[in-house]
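These notes concern the structure reproduced below.
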Amino acid sequence: MKSHTEYFTFHTKKRRELVHLTPQLEEVLDRSGIVEGFMLVSAMHITAGVFVNDNESGLHEDIWKWLEGIAPFREDYKHHRTGEDNGDAHLKSMLVHHEVIVPITKGRLDLGTWQRVFYAEFDGQRDKRLIVKIMGM
Amino acid sequence: MKSHTEYFTFHTKKRRELVHLTPQLEEVLDRSGIVEGFMLVSAMHITAGVFVNDNESGLHEDIWKWLEGIAPFREDYKHHRTGEDNGDAHLKSMLVHHEVIVPITKGRLDLGTWQRVFYAEFDGQRDKRLIVKIMGM
Amino acid sequence: MKSHTEYFTFHTKKRRELVHLTPQLEEVLDRSGIVEGFMLVSAMHITAGVFVNDNESGLHEDIWKWLEGIAPFREDYKHHRTGEDNGDAHLKSMLVHHEVIVPITKGRLDLGTWQRVFYAEFDGQRDKRLIVKIMGM
């Protein structure tokens, strides 16, 4: 059994932004030498998410509009009594989820034709970390 | 350490449909010979989901009504500029998620009494693939 | 390769309640002796969830209000034809999800600074089970 762990740091220019991760994940897999296993891709923050969907700009606009409708930025979250103003980012993170597992088969990310992995930043403009951990053989 | 991977193809009659997977997953587990591990059940498409809940028809009606309320079919998604009309299916997939991990203990799916695994098709009537991958011993 | 499995039972005083799990999960990890791997934390019921977020009471108030807005308690769920009155708990479970994977690195839960793991009870006041399963080395 083999284990391989890497950490990435993102510092997005905008507060809310999507980062396409798939090419970097393929490089991590190559470095690991693992051919069969599971790759965990997990945000290490509670105001960010990781998800699998299509790399299509129109859809990404739809996703942002949808998220803002369901978990909107508002002034009056109770969480803001701590001095924060990112209550919406916590709820968006719960909705999108902070992690995915990507199957590794025959040395490749075993994704469907249109599946791509994204990091969703909901409260950026500062350093945020992501863990990529592969367990397998 | 052992690895076992199978792919399933679904071609639902209706555009939106639930498929109960648990019996098939038990068969995959039997074929794997794995007794302790994790089973990943993951849609290979971005317009489908996999989830764990109750196999009760009334609840399934509630789930569909609820999903349609939160991520409704609409004409005016930006994604439709590509010629697609399935923007809602992408959002439903994000909400439900495309994968679950089922624990394997003593050669059995280690699910609670009422837990069942479902494939949720949001844009069917065509071939769609699912991966089942077990890592364990 | 090593495997370690434990089960917890919760019996919350209130019908809807959050239980902070991180300290117990650290103890499970210590007992396992596993230093590199994945820990699955999964509710064994379809009316409960497991998620990672901040241990901050104001945010928890926001989460409950938000969940009640998106997946509200209602009398008229079809699921209630079975005699149940917990349709909302099933939908809340779908939204929050019933499981997370926590990475284990160098013998520690490899969580970010503010990440904590919670059990979310949506239909308590009775015994409910949770499985914690670690696969690794």
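The values are calculated or read from the model by the stated rules, or taken from the named source; none is laboratory data. None of the values given here were measured: they were computed from a predicted structure. Counting neighbours? That spans all protein chains shown, and the Cβs are built from the backbone with ideal geometry, glycine included. Remember, those area values only see protein heavy atoms, side chains included, never the ligands or the DNA or RNA. Shrake-Rupley method; radii C 1.70, N 1.55, O 1.52, S 1.80 Å.
Structural remarks
- Restricting the range B:102-121 to residues that are out of contact with any strand residue (DSSP E or B) (no Cβ under 6 Å at 6 or more places or on another chain) and not basic (Lys, Arg), the residue that is nearest to B:LEU59 (Cα to Cα) is B:TRP114.
- Only listed residue being in contact with a helix residue (DSSP H, G or I) (Cβ under 6 Å, 6 or more places away or on another chain), free of Cβ contacts under 8 Å to residues at least 24 places away in the same chain and farther than 24 Å from C:LEU67 by Cβ, chosen from B:GLY83, B:GLY87, B:GLY58: B:GLY87
- Filtering the range C:1-15 to residues that are part of a strand (DSSP E or B) and farther than 19 Å from C:GLU99 by Cβ leaves only C:LYS2.
- Elements of type strands (runs of 3 or more DSSP E) in the range A:60-137, at least 1 residues being closer than 14 Å to A:ILE46 by Cα, under 17 Å from the mean Cα position of the chain (by Cα) and within 7 Å of another protein chain (Cβ to nearest Cβ): A:99-105, A:128-136
- Wholly enclosed strands (runs of 3 or more DSSP E) of the range B:16-57 bearing at least 3 residues farther than 20 Å from C:SER42 by Cβ and within 11 Å of the chain's Cα centre (by Cα): B:17-20
- Odd one out for B:ILE63 among (1) at positive phi; (2) surrounded by 22 or more Cβ atoms within 10 Å (Cβ to Cβ): (1)
- Of all residues in the range A:90-117, those satisfying the criterion of being touching a helix residue (DSSP H, G or I) at 6+ places or on another chain (Cβ under 8 Å) and open to solvent by 20 Å² or more (accessible area, probe 1.4 Å) are A:GLY107, A:ARG108, A:LEU109, A:LEU111, A:ARG116.
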